[in-house]
Every structure is written in C-alpha cells, then in structure tokens.
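Student: To start, I am sharing the structure in question, which I have written as structure tokens.
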Amino acid sequence: LALAAAGCSGLAAALSQAAMAGTARPSTLFNLELAFWGLPLVVFGCLRGGLRKIFAGWQLLTLAPVVLQATGGLLVSALVKQHGGVAMGLCSVAGIGVSVVVDATLTKQLPSVRQICAAALCVLSVAAHRCGAR
C-alpha cells in the first residue's frame with residue numbers, strides 16, 4: 001500500500017510539473033482546477049450519506065488537519081511549479097522527520113527504532129541529493 005501511495009504521489013507530481021511547466025498560470029488556479037474535478041465525489045458522498053452523516057463527530061479541532069492539508073496542497077503545487085517534483089519529494093522526506101518529532105512529543109515516548117531508521121535514511125537521501133547537485 002505504501003509503495004502504491006508513493007507511486008501515485010510521484011506520478012501526480014511529475015504530471016503536475018509537466019502541466020504547469022512554462023506557463024504563467026498560477027499554481028493556486030491549478031489547485032482549484034484539481035479540486036473542481038474532485039467535487040463530483042464530494043457531491044456523490046453528500047447525496048448518498050447526507051451532509052450531517054458526513055460531518056458527524058466533527059469538532060472545531062477537527063478542522064486543523066483539513067486546513068493543514070489544504071495549506072500543504074497549495075504550498076506543494078507552488079513548490080512543484082517552481083522547483084519540480086524532486087524538490088517535493090525531498091520535502092516529503094523532511095516531513096518524515098517532522099512526523100517523528102511530533103509523534104514523540106504527542107505520545108511522550110521516544111521514537112521507535114523504525115522511526116529513527118526512517119529519519120536517518122531521509123537525512124542520507126537529502127545529503128546524497130545535495131552532494132549530487134554540486
């Protein structure tokens with residue numbers, strides 16, 4: 001599942017980069033277009049389950065991940081337009097490090113060996129990419 005998600009993300013980044021390359025069109029407009037194409041799924045979900053059912057159990061704090069995800073989407077599209085999909089991948093790698101720190105803070109537990117290894121591999125991959133850029 002993780003490989004499929006990574007493959008979809010990489011393909012989406014490459015296609016987004018190709019779609020925005022060499023155009024003066026703002027990346028926020030590109031995001032709006034993508035959201036527009038996802039709108040039928042939202043409408044279908046509302047018709048099928050009802051708006052109240054979809055938002056059942058939501059609290060004000062539930063909006064935090066939604067807002068963060070939306071903000072991240074806008075930042076990622078701007079990054080892909082300006083620097084390409086590889087830069088987005090490097091930011092995703094850095095996100096793993098942030099996730100380790102946040103998870104350790106929230107759970108009040110030290111990172112697991114798996115998390116430490118993942119973070120170390122992230123640092124190594126970013127370092128290897130930076131060395132290759134010189």
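Student: Anything in the stretch 100-134 that is outside any helix (DSSP H, G or I) and either open to solvent by 70 Å² or more (accessible area, probe 1.4 Å) or acidic (Asp, Glu) (or both)? List them, or say none.
Tutor: In the first step, residues of the stretch 100-134 are kept if they are outside any helix (DSSP H, G or I); the result is 108-112, 134.
Within the stretch 100-134, Lys108, Gln109, Leu110, Arg134 qualify.
Student: Answer yes or no as to whether Phe55 is more than 23 Å from Gly84 (Cβ to Cβ) and modelled with pLDDT of 80 or more. Walk me through how you get there before you give the answer.
Tutor: Numbers: more than 23 Å from Gly84 (Cβ to Cβ): yes; modelled with pLDDT of 80 or more: no.
When the stated conditions are applied, Phe55 does not pass them.
Student: Next question. Quick test of your reading of the structure: Arg25 fulfils all but one of (1) surrounded by 11 or more Cβ atoms within 10 Å (Cβ to Cβ); (2) among the basic types (Lys, Arg); (3) modelled with pLDDT under 80. Name the failing condition by number.
Tutor: (3)
Student: If only one of Ala13, Ala18 is in a helix (DSSP H, G or I), touching a residue at least 60 places away in the same chain (Cβ under 8 Å) and of a type in the set (A, V, I, L, M), which one is it? Working first, answer last.
Tutor: On the way: Ala18 fails: touching a residue at least 60 places away in the same chain (Cβ under 8 Å).
From the options Ala13, Ala18, the qualifying one is Ala13.
Student: If you don't mind, there's one more thing I want to ask. Which of the residues spanning the stretch 28-46 are surrounded by 12 or more Cβ atoms within 10 Å (Cβ to Cβ) and modelled with pLDDT under 80?
Tutor: Result: Gly45, Cys46.
Student: Might you let me know whether the stretch 38-57 holds any residue that is part of a loop (DSSP other than H, G, I, E, B), over 17 Å from the mean Cα position of the chain (by Cα) and among the hydrophobic types (A, V, I, L, M, F, W, C)? So that I can check it myself, show each step before the final result.
Tutor: Keep residues of the stretch 38-57 that are part of a loop (DSSP other than H, G, I, E, B), which gives 50, 55-57.
Filter again for over 17 Å from the mean Cα position of the chain (by Cα), leaving 50, 55-57.
Among the residues that remain, those that are also among the hydrophobic types (A, V, I, L, M, F, W, C) are: 55-56.
Yes - at least one qualifying residue is present in the stretch 38-57.
Student: Still on this structure, I have one more. Whether any residue in the stretch 50-73 is under 27 Å from His129 (Cβ atoms), open to solvent by 70 Å² or more (accessible area, probe 1.4 Å) and in contact (Cβ under 8 Å) with a residue 12 or more places away in the chain is what I want to check.
Tutor: No - not one qualifying residue is present in the stretch 50-73.
Student: Going by the conditions given, is Gly97 open to solvent by less than 40 Å² (accessible area, probe 1.4 Å) and either among the hydrophobic types (A, V, I, L, M, F, W, C) or closer than 22 Å to Met20 by Cβ (or both)?
Tutor: Details: open to solvent by less than 40 Å² (accessible area, probe 1.4 Å): yes; either among the hydrophobic types (A, V, I, L, M, F, W, C) or closer than 22 Å to Met20 by Cβ (or both): no.
So Gly97 fails the test.
Student: Could you list, in sequence order, all residues of the stretch 77-93 that are open to solvent by less than 60 Å² (accessible area, probe 1.4 Å) and free of Cβ contacts under 8 Å to residues at least 60 places away in the same chain?
Tutor: Result: Ala78, Leu79, Ala87, Leu90, Val93.
Student: A follow-up question, please. Restricting to the stretch 26-48, name every residue that is within 23 Å of Gly89 (Cβ to Cβ) and of a type in the set (D, E, K, R).
Tutor: Glu33
The values are calculated or read from the model by the stated rules, or taken from the named source; none is laboratory data. None of these values were measured; they are calculated from a predicted model. All Cβ positions, glycine included, derive from the backbone under ideal geometry; neighbour counts span all protein chains shown. For the accessible areas, the whole protein counts, side chains as well, though only heavy atoms, and no ligand, DNA or RNA atoms are used. Shrake-Rupley method; radii C 1.70, N 1.55, O 1.52, S 1.80 Å.
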